[in-house]
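Taken together, the values in this text are just the output of simple stated rules run on the coordinates, not laboratory data. All of these numbers come straight from a predicted model, not from anything done at the bench. We place every Cβ from the backbone using ideal geometry, glycine too, and count neighbours over all the protein chains shown.
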Amino acid sequence: MKIAFTAPMKPLDHPVPSGDRTMGRLIVKALETRGHDLRIASTFRSWRKDGADAIQAKVRSEALEEADRISAEWEASGYRPDLFLTYHLYHKAPDWIGPALSDRFDLPYAVVEASRAPKRQTGNWALGFAAADQALKRADAVAAIHNADLGCLKPVVSPGRLQVLLPFLDATPFQAASETDRPPASPPLKLLAVGMMREGDKQRSFEVLAEALDDIAALPWHLTLVGDGPAMDHVLGLFPADRTTWLGALPPDRLPAEYAAHDLLVWPAIREAFGLALLEAQASGTGVIAGDTFGVPDIVRNGKTGLLSAEGDAAAFAANLRRVIEDPTLADRLGHAARAHIAENHSLAAGAARLDALLQRAIDNHLQRASKR
């Protein structure tokens, strides 16, 4: 199948690494493993930090100009995709390009990772919200990335077009790292936190983690931090220097060994969509202690591959840490179950199969829509 692709939230060639960019690249890789011919239709980024009608109107105008450019390019070259696919759409990153081209060339249109915040229907983001809703109504298939988003999408996306497409990863390097013999967990428990050190939700996650660790200061543990960013000094100052190792930001090829060398990944996951590090750690055979946030319970099996606590509840997070530190064999059990869980449910192959089913659903719905015209 020939697929035209765009990612209005963050294009795949954006210089700043993030879970969003990684997930977009994984979608492309997964579809290519299934033999699809995927072409990046545009690297136009519609995301804006600030909302206002004037700002959004300018973005809309630029996006439609880009759609005209792509249309002319396709017509000149004779290229015609079988489907248009957009990754990550919401009020701050509406998609004007996909719907415009899909209408112009009569294509099935699918969206992966759609979310919707009804409170943005009015105010500075009203124009972007309306544009995102229009794209969702036009779409032949829409996938939320976790179950928590379904409720807000249902008012604009009919059941036959809506589903959850759980996140996935290329587990191969993480599974390879976990195949090395690791000794059973023993005191002091080796804890790992992986995250960008920036203001906002990431910083708040580190703050909750620091508060939880302070609650169990009398227990044996050592923390390794991976990441850097503009809030680095503040974040590093939250943790006792004699019990903390900071490795900075690591290249992707070094992460699997770090996950596999630790007993637990610890991450409060404040406002986290799902947390790619939670997938990576589990694929490496490392259980997790995390916040029960948005899509986290969709990828972590509470009590089996990790222990979850209410978002932002440092005391409950500390209680879960205490439970494992006082019974290190629990860390081993969580890790073994985590590796099997990812292999079965969140591998690249599993994600590719789910994507294939979504695209076929879009094609089928598009044909049904066409037959009713």
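Just a few scattered comments:
- Working from label points 7 Å from Cα in the Cα-to-Cβ sense, the Q163 to Q368 distance is 1.2 nm.
- Footprinting exposure proxy ranking of K137, K202, fewest other C-beta atoms within 10 angstrom first, gives K137, K202.
- Dipole-positive endmost among N320, S371, T33 within the chain (Cβ charges, Cα centre): S371
- Inter-part distance where the range 48-116 and the range 259-288 are each reduced to a Cα centre, Å: 34
- Each helix, a run of at least 4 DSSP H residues, gives -39500 (n - 2.57); summed and divided by the residues of the chain, these come to -13500 deg cm²/dmol at 222 nm.
- Farthest toward positive dipole pole in the chain [+1 Lys/Arg, -1 Asp/Glu at C-beta], among L225, G248, G351: G351
- Largest mean-square fluctuation among P167, P188, P297, in a Gaussian network model of the chain whose springs join Cα atoms under 10 Å apart, belongs to P188.
- The chain: C-alpha gyration tensor shape, a/c 1.5 cut-off, then a/b vs b/c: prolate
- Efficiency of FRET between A126 and S186 - r from beta-carbon atoms, R0 51 angstrom, step 0.05: 0.35
- Shape class for the range 70-135, computed from the alpha carbon gyration tensor (a ≥ b ≥ c): prolate, with a/c not under 1.5 and a/b above b/c.
- By definition, a body whose alpha carbon gyration tensor gives a ≥ b ≥ c is oblate when a/c is 1.5 or more and a/b is not larger than b/c, and the range 1-73 fits this oblate description.
- Potential extension, E326-R69 segment - 0.36 nm per residue separation minus Cα distance: 86.3 nm
- Annotation: extensible slack from D106 through K304 equals 66.6 nm (criterion: 0.36 nm per residue apart, minus Cα-Cα distance).
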